[in-house]
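Okay, structure first, notes after.
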Amino acid sequence: MADKKIFLGEEFLPTQWYNLNADFPNPMPPPLHPGTGKPPTPEDFAPIFPMNLVEQEMTPDRWVDIPEEVLGVYKIWRPTPLYRADRLEKALDAPVKIYFKNEGVSPPGSHKPNTAVAQAYYNKAFGVKRIMTETGAGQWGSALAFACQIFEIELKVFMVRVSFDQKPYRRIMMETWGAECFPSPTNTTEAGRKILEMNPDSPGSLGIAISEAVELAVKREDTRYALGSVLNHVMLHQSVIGLETKRQLEAIGDYPDVIIGCAGGGSNFAGLAFPFIADKIAGKEIQIIAAEPTSCPTLTRGPYAYDFGDTNQTTPLLPMYTLGHDFIPAPIHAGGLRYHGMAPMVSHCVREKLVEARPYDQMETFEAGITFARSEGFISAPETCHAIASVIEVAKQAKEEGKEKTILFNWSGHGLVDMASYDAYLSNKLQPYSLPDEEIARALKAIEGLPKIA
Ligand SMILES: *Cc1c(COP(=O)(O)O)cnc(C)c1O
């Protein structure tokens with residue numbers, strides 16, 4: 001019988017991160033400064049991020065050394081196990097092998113501390129005393145709270161109001177690790193007050209929360225902002241996932257035909273997929289799928305265009321698939337997937353046809369999560385359920401076509417603090433939800449007048 005899980009010893013923890021930017025056949029379009037219309041200089045980012053992270057954001061290097069201090073913290077939970085989902089295979093009765101990388105074993109329960117720890121370390125090394133950030137479902141806020149506590153940095157988190165109300169346990173986790181957490185929009189920032197004037201009951205959005213955090217970060221010399229996804233340096237830090245997975249598969253002499261991850265801002269997907277995309281660029285045949293919600297279908301229905309990363313138009317213009325910076329998504333339960341944009345690196349992969357994107361409805365994703373819980377046992381984060389829905393779809397198709405396939409997916413986190421959303425599904429309180437066409441038209445309006453991608 002094949003092993004259920006493949007462990008790596010700590011001596012196999014990657015000592016360098018991988019940067020796919022070094023291997024793109026066609027380079028990514030640069031970000032643009034909204035004022036000058038030219039690529040931003042490192043100094044443009046200086047009020048927002050510490051310079052050591054700005055350098056990483058722009059680096060063309062293929063490999064970047066992981067600092068000893070970061071490796072020391074990674075060792076709390078890394079290398080993470082790779083599982084063979086043989087019980088799910090049996091439940092699906094399809095000619096497939098399924099593997100999943102378990103990123104839910106970190107203290108906060110997701111892949112997010114891979115970058116949170118690195119970012120806290122670099123901020124500390126640069127002399128930053130306080131960090132401002134936003135969080136959707138609370139996963140990023142809790143990951144950064146864990147990391148800032150280790151490196152003794154003060155942290156304030158703006159949490160999207162709808163999640164703040166739905167998910168008190170994530171806030172309590174942040175507070176346990178010593179951070180402060182506020183429901184966004186707040187009346188403590190101009191950005192927040194502007195939204196509240198228009199709609200006092202605003203459910204909030206990641207874009208609004210980012211605006212609030214950035215506004216406070218740039219006000220003080222000892223304060224910076226941190227982002228949990230989307231940016232190049234976040235994709236870089238997450239590459240440990242795929243690098244470990246390659247070693248693990250090598251150890252058992254296997255290699256995937258299909259790789260799947262859910263995509264909100266794109267970081268867990270990129271973390272698993274990018275080291276394999278290097279192989280794809282070199283000629284390997286791999287199908288790579290980014291799974292997203294039908295309620296926030298950035299990659300499958302949004303235009304590829306320059307847009308702001310936040311509602312208040314304070315960030316540089318990023319080349320990405322976008323639903324418009326003023327997009328306020330429906331309050332579905334996969335909070336971590338409710339962002340209007342998508343990482344420029346992931347967007348570029350889709351544009352270049354290295355990656356395909358597929359949308360999944362929340363009914364289908366929770367059903368997939370239940371199938372997984374009743375076969376493999378683990379209860380998945382609602383975001384992760386999108387990847388599982390995609391795995392099941394691919395497996396069913398393989399069965400119809402009578403084709404054998406090896407599928408690898410990223411189990412980005414557990415759902416143990418998301419049981420209210422499982423409750424809503426199990427007690428028939430959820431409905432299918434697909435973004436109306438009018439919303440796509442509105443997205444196009446929001447980016448009208450911004451520079452076009454050449
Ligand atoms: C935040 C989160 C996501 C979505 O963010 P990405 O940057 O797209 O990875 C997915 N799964 C889990 C468990 C998360 O916490």
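If you go through segment 411-454 and keep only what is more than 30 Å from residue 376 (Cα to Cα), touching a residue at least 40 places away in the same chain (Cβ under 8 Å) and among the hydrophobic types (A, V, I, L, M, F, W, C), you end up with 435, 440, 443, 444, 446, 447, 450, 453, 454. Residue 308 meets all of the listed conditions (1) buried (at least 24 other Cβ atoms within 10 Å of the Cβ); (2) within 16 Å of the ligand (Cβ to nearest atom); (3) not small (Gly, Ala, Ser) but one, namely (2).
The condition of being closer than 30 Å to residue 453 by Cα and surrounded by 15 or more Cβ atoms within 10 Å (Cβ to Cβ) does not hold for residue 12. Does residue 430 satisfy the condition of being away from the ligand (no atom under 13 Å from the Cβ), in contact with a helix residue (DSSP H, G or I) (Cβ under 6 Å, 6 or more places away or on another chain), farther than 24 Å from residue 99 by Cα and part of a loop (DSSP other than H, G, I, E, B)? The answer is yes for residue 430. Does segment 180-202 include one or more residues that are of a type outside the set (A, V, I, L, M, F, W, C), touching a helix residue (DSSP H, G or I) at 6+ places or on another chain (Cβ under 7 Å), within 30 Å of residue 110 (Cα to Cα) and in contact (Cβ under 8 Å) with a residue 60 or more places away in the chain? Looking through segment 180-202, at least one residue is of a type outside the set (A, V, I, L, M, F, W, C), touching a helix residue (DSSP H, G or I) at 6+ places or on another chain (Cβ under 7 Å), within 30 Å of residue 110 (Cα to Cα) and in contact (Cβ under 8 Å) with a residue 60 or more places away in the chain. Checking each residue in segment 344-366 for being aliphatic (A, V, I, L, M) and not in a strand (DSSP E or B) picks out 345, 346, 350, 354, 355, 363. For residue 392, are the conditions met, namely being modelled with pLDDT of 95 or more and away from the ligand (no atom under 13 Å from the Cβ)? Judged against the criteria, residue 392 is a match. Any residue that is touching a strand residue (DSSP E or B) at 6+ places or on another chain (Cβ under 6 Å), of a type in the set (A, V, I, L, M, F, W, C) and within 24 Å of residue 454 (Cβ to Cβ) - is there at least one of those in segment 23-32? Yes: segment 23-32 contains one or more residues that are touching a strand residue (DSSP E or B) at 6+ places or on another chain (Cβ under 6 Å), of a type in the set (A, V, I, L, M, F, W, C) and within 24 Å of residue 454 (Cβ to Cβ).
Residue-wise test of (1) surrounded by 24 or more Cβ atoms within 10 Å (Cβ to Cβ); (2) of a type in the set (D, E, K, R); (3) within 16 Å of the ligand (Cβ to nearest atom).
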position	(1), (2), (3)
230	yes, no, yes
241	yes, no, yes
281	no, no, no
292	yes, yes, yes
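Of the numbered criteria (1) among the β-branched types (Val, Ile, Thr); (2) within 16 Å of the ligand (Cβ to nearest atom); (3) at pLDDT 95 or above, the one residue 332 fails is (3). Contact annotation: residue pairs with Cβ atoms under 6 Å, 6 or more positions apart or on different chains, pairing a residue in segment 250-275 that is in contact (Cβ under 8 Å) with a residue 24 or more places away in the chain and among the β-branched types (Val, Ile, Thr) with a partner that is in a helix (DSSP H, G or I) and near the ligand (Cβ under 10 Å from one of its atoms), are 260/387. The combined condition, being part of a helix (DSSP H, G or I) and in contact with a Phe, Trp or Tyr (Cβ under 6 Å, 6 or more places away or on another chain), is not fulfilled by residue 373. Restricting attention to segment 420-451, the residues being surrounded by 10 or more Cβ atoms within 10 Å (Cβ to Cβ) and under 30 Å from residue 35 (Cα atoms) number 11. Flag: residue 161 does not match the condition of being basic (Lys, Arg) and free of Cβ contacts under 8 Å to residues at least 12 places away in the same chain. Considering segment 211-328, the qualifying strands (runs of 3 or more DSSP E), each wholly inside and each with 2 or more residues that are within 23 Å of residue 360 (Cβ to Cβ), at pLDDT 95 or above and not small (Gly, Ala, Ser), run over 258-262, 287-293, 317-321. In segment 342-350, the condition of being over 21 Å from residue 112 (Cβ atoms), in contact with a Pro (Cβ under 9 Å, 6 or more places away or on another chain) and not acidic (Asp, Glu) is met by at least one residue. None of 274, 269 is touching a Gly at 6+ places or on another chain (Cβ under 8 Å), of a type outside the set (Gly, Ala, Ser) and within 30 Å of residue 420 (Cβ to Cβ) except 269. In this entry, residue 383 passes the filter for residues that are in contact (Cβ under 8 Å) with a residue 40 or more places away in the chain, of a type in the set (Asp, Glu) and touching a strand residue (DSSP E or B) at 6+ places or on another chain (Cβ under 8 Å).
Being at pLDDT below 95 and either assigned to a loop (DSSP other than H, G, I, E, B) or more than 28 Å from residue 73 (Cα to Cα) (or both) holds for only one residue in 25, 14, 34, and it is 34.
Checking every residue in segment 335-357 against the condition of being surrounded by 24 or more Cβ atoms within 10 Å (Cβ to Cβ) and over 29 Å from residue 27 (Cα atoms) gives at least one match.
Report, by residue number, each residue of segment 161-214 that is among the β-branched types (Val, Ile, Thr), out of contact with any Phe, Trp or Tyr (no Cβ under 9 Å at 6 or more places or on another chain) and buried (at least 17 other Cβ atoms within 10 Å of the Cβ). Of everything in segment 161-214, those that are among the β-branched types (Val, Ile, Thr), out of contact with any Phe, Trp or Tyr (no Cβ under 9 Å at 6 or more places or on another chain) and buried (at least 17 other Cβ atoms within 10 Å of the Cβ) turn out to be 162, 195.
Hey, does segment 337-345 have a residue that's more than 25 Å from residue 451 (Cβ to Cβ) and in contact with a Cys (Cβ under 8 Å, 6 or more places away or on another chain)? Yes: segment 337-345 contains one or more residues that are more than 25 Å from residue 451 (Cβ to Cβ) and in contact with a Cys (Cβ under 8 Å, 6 or more places away or on another chain).
Of the listed requirements (1) in contact with a Lys or Arg (Cβ under 8 Å, 6 or more places away or on another chain); (2) within 14 Å of the ligand (Cβ to nearest atom), residue 182 misses just one: (2).
The values are calculated or read from the model by the stated rules, or taken from the named source; none is laboratory data. Keep in mind that this is a model prediction, so the values were computed, not measured. Methodologically, a virtual Cβ is constructed for each residue, glycine included, from the backbone with ideal geometry; neighbour enumeration extends over all protein chains shown.
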